[in-house]
Amino acid sequence: MGHIIHEILHFSVGACITYLLLNKYNNSMPKVILILLTGGIAGITPDITKFFGDLYGHSLFLVLVLGLVIMLITRKLFLEISVVKLWLVLSFSVLSHIFIDFIGNGVALFYPFITKEYDFHVIQDDLFIYILSIATIIAVFYRKGKLVILSSLLIVALYLGVLTYSKIQLQQTLKSEYKEDDITLLLVYPRWDYRWEFIIRTNKHSISGSSPIFGTDIQIERENEWND
């Protein structure tokens, strides 16, 4: 179920981005649906290579390649759009998948040359799915769908900005609190109840706790001291 929700998020983001960038070509409901579907498919494309046991689809080096493949497959459906524009828009929708994974559970950005995963974990999927999925559905039936899509993306961007600031602020507070010790590990990630959960390991302690996303109250939930 979690995987399905994750794919719905990628589909919604890709669909919204493609719709927004190709809005002037949305001259009928069938064309709107076609653009949304194509963008949504582009948004989930990086996960296709997972079925073959690799992470190539999540590499920045493959973004333009995947965009090109989707463009070639769908080219005859969008003859009124220039090849380069369609290619770049679909590539941008592919890139949105990698960005979502980066602010989610992590992604190997430079695979296969560097297999390390990078992340700045600030989101859970649910809220974004509701906002973007509803916006996508409205865009199909509402003539001014561009305004709806743009508003939903701006709301999401604003919320991401708030989350980013909150996480960085908490990280700095924790670093300051334990600056006398040598911090060997500091993890901060979102919890299901809209709180930050954090783990700190120093040369003396192992500490875990939580803090509200919209606040500065730090609650220590477990602390262990290393034995010499």
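Among all positions in segment 42-58, there is at least one residue which is hydroxyl-bearing (S, T, Y), assigned to a helix (DSSP H, G or I), touching a residue at least 24 places away in the same chain (Cβ under 8 Å) and within 20 Å of G104 (Cα to Cα). One residue alone among F141, F214 is under 27 Å from L20 (Cβ atoms), surrounded by fewer than 14 Cβ atoms within 10 Å (Cβ to Cβ) and aromatic (F, W, Y), and that residue is F141. One residue stands out in segment 190-208 among those that are closer than 23 Å to G161 by Cα and over 20 Å from the mean Cα position of the chain (by Cα): the one that is most open to solvent (accessible area, probe 1.4 Å), namely I199.
Listed by position, the helices (runs of 4 or more DSSP H) enclosed by segment 61-171 that each have at least 1 residues that are of a type in the set (F, W, Y) and farther than 27 Å from I199 by Cβ are 83-102, 125-141. Being modelled with pLDDT of 90 or more and more than 23 Å from R143 (Cβ to Cβ) is not true of G39. Selection of segment 176-189 for residues being surrounded by 11 or more Cβ atoms within 10 Å (Cβ to Cβ) and outside any loop (DSSP other than H, G, I, E, B) yields E177, I183, L186, L187, V188, Y189. Any residue at all in segment 166-175 that is loosely packed, with under 14 Cβ neighbours inside 10 Å and among the aliphatic types (A, V, I, L, M)? Yes - at least one qualifying residue is present in segment 166-175. Checked against (1) buried (at least 22 other Cβ atoms within 10 Å of the Cβ); (2) among the polar types (S, T, N, Q); (3) not in a helix (DSSP H, G or I), N27 meets all criteria but (1). Put simply, of F92, F78, F99 the only residue that is free of Cβ contacts under 8 Å to residues at least 60 places away in the same chain and open to solvent by 70 Å² or more (accessible area, probe 1.4 Å) is F99.
Inspection of segment 1-20 finds a residue satisfying the criterion of being touching an Asp or Glu at 6+ places or on another chain (Cβ under 8 Å), open to solvent by less than 10 Å² (accessible area, probe 1.4 Å) and modelled with pLDDT of 80 or more.
The values are calculated or read from the model by the stated rules, or taken from the named source; none is laboratory data. All values reported here derive from a predicted model rather than from experimental measurement. Cβ sites come from the backbone with ideal geometry, for glycine too, and all protein chains shown count toward neighbours. When the accessible area is computed, the model is the full protein with side chains, heavy atoms only, and any ligands, DNA or RNA have been set aside. Shrake-Rupley method; radii C 1.70, N 1.55, O 1.52, S 1.80 Å.
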